[in-house]
1. Just to confirm the number: angle between the C-alpha axis of helix 141-152 and the first principal axis of the chain, 0 to 90 degrees, nearest 10?
2. Cut-off 10 angstrom, C-alpha nodes, Gaussian network model of the chain. Which of V49, V101, V122 fluctuates the most?
3. List, largest first, the extents of the alpha carbons of the chain along their principal axes, each in whole Å.
4. Tell me, what is the percent relative contact order of the chain, built from C-alpha pairs under 8 Å that lie six or more residues apart?
5. Run the numbers on segment 27-100 and let me know its relative contact order in percent, using alpha-carbon pairs under 8 Å that are six or more apart.
6. Quick one: what Rg and Dmax do you get for segment 78-154 from the alpha carbons, in Å?
7. Using the alpha carbons of segment 27-100, what is the convex hull volume per residue in cubic angstrom, as a whole number?
8. To the nearest 10 degrees, how steeply does helix 2-16 sit against the main Cα axis of the chain, on a 0 to 90 scale?
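Rule-based calculations on the coordinates, nothing more; no lab input. The structure displayed is predicted, hence computed values, not measured ones. Neighbour counts run over all protein chains shown; Cβ positions are idealised from the backbone, glycine included.
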Amino acid sequence: MKQLVACLMMVAIILAVPVAHAKEAATMAADPVLEKRVMALAYELRCLVCQNQSLGGSQSDFAIDLRNEMREQMDQGKSDEEVTEFMVQRYGDFILFRPPVKSTTLPLWIGPFALLAIGALVLFIHLKRRKRTINTAPLSDEERKRAESLLDNK
């Protein structure tokens, strides 16, 4: 009886495990030099689906499609710059991990430094005001007597 229960438990566990779906293997260029170029450029471009991964590191369908597109263009003789320009025209500067400095991306480049400067200025003003209130607020006679009595008790 125990063996039957154990067998039924095993069948239930096996049926509960989700079936893994096999995918088609990612295509690779026949030329290893071309494949190295594709992957080197793919690590410079952002996967728009994953957003914090490069096209080279992502296994999303979108990233696989873009790598295949890059392979086709490089196979046609296009340079890395031409392929990158094609991707930027199609998907915008966001696809680049290092966007160029221009008027539309200026907030990306200046923003962190501006926020840091504003934070430092607010901290400086806060500390200055706090120092001023500590130095300029003398104790009243009653507060002084109370402080002396507290110090004398020790």
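1. Helix 141-152 sits roughly 80 degrees off the main axis of the chain.
2. The residue that fluctuates most here is V122.
3. Cα spread of the chain along its principal axes, largest to smallest: 89, 73, 23 Å.
4. Relative contact order, the chain: 14 percent.
5. Relative contact order for segment 27-100 comes out at 29 percent.
6. 28.6, 86
7. Output value, Cα hull per residue: 78 Å³.
8. Between helix and principal axis, roughly 90 degrees.
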